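Each remark here refers to the structure printed beneath this line.
Every number in this text was worked out from the coordinates using simple rules, so none of it is lab data. All values reported here derive from a predicted model rather than from experimental measurement. Glycine also receives a Cβ, built like all others from the backbone with ideal geometry; neighbour counts cover every protein chain displayed.
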Amino acid sequence: MGGNSVKAKLRKRKIKAFVSQVLANKMALFGTVVLLFFILVAIFGPLLVPFSVLEFGEVEDMLNPPGPGHILGTDDMGRDVLGYLIAGSRISLLVGALATGISMVIGTVIGIVSGYSGKAVDNVLMRITDFFLVIPWLPLMMVLAAILGTSIWNIIVVIGVTSWAGTARVVRSQTLSVRENQFVERTVSIGAGSGHIMLHHILPNVFPLVFANTILIAAAAITSETTLSFLGLGDPAHASWGMMLHYAFETGATSTGAWWYFLPPGLCVVAVVLAFTLMGYAFDEILNPKLKER
Amino acid sequence: MNKKRIAKKLLYAAITIFFVLVFNYFLFRILPGDILSMLSRSGKTTPEMVANIREMYGLDLPWYQQFFVYLENLFTGDLGTSFIYKKPVAEVIGSRILPTVILLGVAEVLAIVVGIVFGIVSAWKRGKAIDTGLLSTSLLLYSMPTFWLGMMLILIFCVNLRLFPINGMVTPGRVFADTWAYINDVVRHMILPMACMALVMIGEYAITMRSTMIDVLSEDYITTAKAKGFSNGYVLRRHAMPNAMLPMITLIAINLGLIVGGAIQIETVFSWPGLGNLMYGALVNRDYPLLQGVFLLTTVTVILANFLSDILYEVVDPRVKSMGG
């Protein structure tokens, strides 16, 4: 019990130090604020601006430019673009978060097992990792999504299982260096099993790296959802930024100059991806002391 | 050059390609229904066609023998028949390679040159206004979905400014006076998709070049060179750049996968008649043999390119040779 409370205190101090460093870093702060804004919009927005994908407007409401009543105009079905945008933020962020979660778990498990086991297991796992690392991501996701069928869950799984290779590589190399530490040797000598060591001694030591990497994967996951939906692999039953862009392109909004239909969802994607990217770089700098020396 | 290391890399590349073949085979077998029912859904079929397909794919054989039939067909260049074009997949793909290679080739060269220059300037002027400007532009470009950038370029340059044609590779139905008029027309169609592809890549090249350059510039030998009294430009050209270029070789190879993804999006947005557009069409029409064929071609090409870049890296960087393993 005593040991645990000391551990908890230490962890608290570490988290506090991390938060103050984030607040001091302009990039990290900007990214965090933008992301929090979108999360709040996704949670509370639909309460303020009710919207349904299935509620079409009248003919005279179709593809109207921004004006009174519809701040951001209407789409080709007479639906309010602002309402669509807010409803879409839910799915876009949810798909991004869940896909990132899957990717993080697979990448961390494969990286730790590969790095800790070494030899044949390492060799086999790394060849599989190479496969996912080198194979072009969009064609792979397109083929998988086309075969599994278009649903929100399939999209999440497809993005999750195709994007973990980078994490596995990073985690593996970190595991290799953690494994050489004396405390691991001591734990082995008092009879700890491999599973215990990987879970209680390796994982906490590679976690900061996983964290920074995860944020960069989240950026890629959001872009992937948008791109897959744009290419017609999205779930028509749900509103998402990618689906908006898909419909805008399909109905020729680009060539007719209906900018209000595709400019806002694109800007939202750019803002969220940029926020994640900035946070990722900043966290990497904070958590990876070597970079600071430069 | 170490023959053992190259043999090992070659083996790894071969294993990865084998994975792709196995993956490709099983992926398209778990589809609902077999090839025959998919074909009959896609249009008219005669009993002769059915018999032909049965024989071609070895559908009466056990599954493991079907796999060997698949491999045999593959190595003889037989990728099946496209549902929509009603022609051999290899033939359909062949006619689409050149437009993609031209588009990507020009865009890639442009992006590498501009990206490297941006990166070097950024690193050299680290912390100054020009660095901040270039870095934020690069990050912004890096964060944009490729297809959306394409849509924005069309909106600005085609719809509002009316500078370029919206889509395609040549003006349909136009009769050209001579070859120059034809080339001129193609170039006008190509400028926007090429610029779009290049812009997307510039961001990443610039960011990577900047960070390697910053690493290199903090090395002792740079300080030494400066202390010897060499000019800044000389140190940059002769001491810093050759070392900072090395990681770019790997990045360019790794990026090939991203470029393929970019080509699918850009060719779709601009209706450029290349492989990316072909794959999009195959996807929309669920033309599985065609989808499988394009997927196989792009994947194997990217794997081979990565293998070549590994070899190139080994030739260029003397340090790799002395390291074991």
Inset, instruction - Would you mind telling me which residue in B:18, B:147, B:83 has the biggest mean-square fluctuation in a Gaussian network model of chain B, where springs connect alpha carbons within a distance under 10 angstrom? - result: B:18
Inset, instruction - Can you tell me which of B:250-257, A:180-187, A:214-221, A:265-272 comes out highest on packing, and rank the rest after it, using the mean Cβ neighbours within 10 Å? - result: A:214-221, A:265-272, B:250-257, A:180-187
Inset, instruction - Could you give log10 I(q)/I(0) at q = 0.16, 0.17 Å⁻¹ for segment B:209-325, computed by the Debye formula over C-alpha point scatterers of equal weight, without solvent? - result: -0.84, -0.89
Legend entry - Computed over segment B:213-276, Cα set: Rg, Dmax in Å: 19.2, 56
Legend entry - Relative contact order (%) - chain B, alpha-carbon pairs under 8 angstrom, separation at least six: 26
Legend entry - Overall dimensions of segment A:56-131 by Cα: Rg and Dmax, Å: 23.5, 69
Inset, instruction - Two decimals is fine: what's Rg over Rh for segment A:192-294, C-alpha atoms, Kirkwood radius as Rh? - result: 1.21
Inset, instruction - Give, as a single signed number, the net charge of other residues whose beta carbon lies under 14 Å from the beta carbon of residue A:159, with Lys and Arg counted +1 and Asp and Glu -1. - result: -2
Legend entry - Spread of Cα-to-Cα distances over 5 Å intervals beginning at zero, given as percent, for segment B:156-281: 2, 9, 14, 14, 12, 11, 9, 9, 8, 6, 4, 1, 1, 0
Inset, instruction - Go ahead and run the numbers for FRET between residue B:231 and residue A:173, Cβ-Cβ distance against an R0 of 30 Å, rounding to 0.05. - result: 0.15
Legend entry - Estimated [θ] at 222 nm from DSSP helical runs (n ≥ 4, -39500 (n - 2.57)) normalised by residues in chain B, nearest 500: -24000 deg cm²/dmol
Inset, instruction - Mind checking which aspartates and glutamates have their Cα closer than 19 Å to the Cα of residue B:86? Skip sequence neighbours fewer than 8 apart in that chain. - result: B:34, B:48, B:55, B:78, B:287
Legend entry - chain A, relative contact order [Cα under 8 Å, separation at least 6], %: 25
Inset, instruction - Take every Cα-Cα pair in segment A:235-292 and report what % of them are more than 17 Å apart. - result: 54
Legend entry - Binned Cα-Cα distances of the protein assembly as shown, short to long, each 20 Å bin given as a whole percent: 16, 50, 30, 4, 0
Legend entry - Shape call, chain B: gyration tensor on alpha carbons, a/c limit 1.5: oblate
Legend entry - Gained length - residue A:47 relative to residue A:200, 0.36 nm times residue gap less alpha-carbon distance: 50.8 nm
Inset, instruction - Taking the Cβ of residue A:38 as the centre, find all other residues whose Cβ is under 15 Å away and add up their charges (Lys, Arg: +1; Asp, Glu: -1). - result: 0
Inset, instruction - Return a whole-number percent for the relative contact order of segment B:59-201, with Cα pairs under 8 Å and 6 or more residues apart as the contact set. - result: 24
Inset, instruction - Would you mind giving the average projected area, over all directions, of the Cα convex hull of segment A:192-240 in nm² with one decimal? - result: 5.2
Legend entry - Sum of side-chain charges, residue A:146 neighbourhood, beta-carbon under 13 Å (Lys, Arg +1; Asp, Glu -1): 0
Legend entry - More than 37 Å apart - percent of Cα-Cα pairs taken over chain A: 27
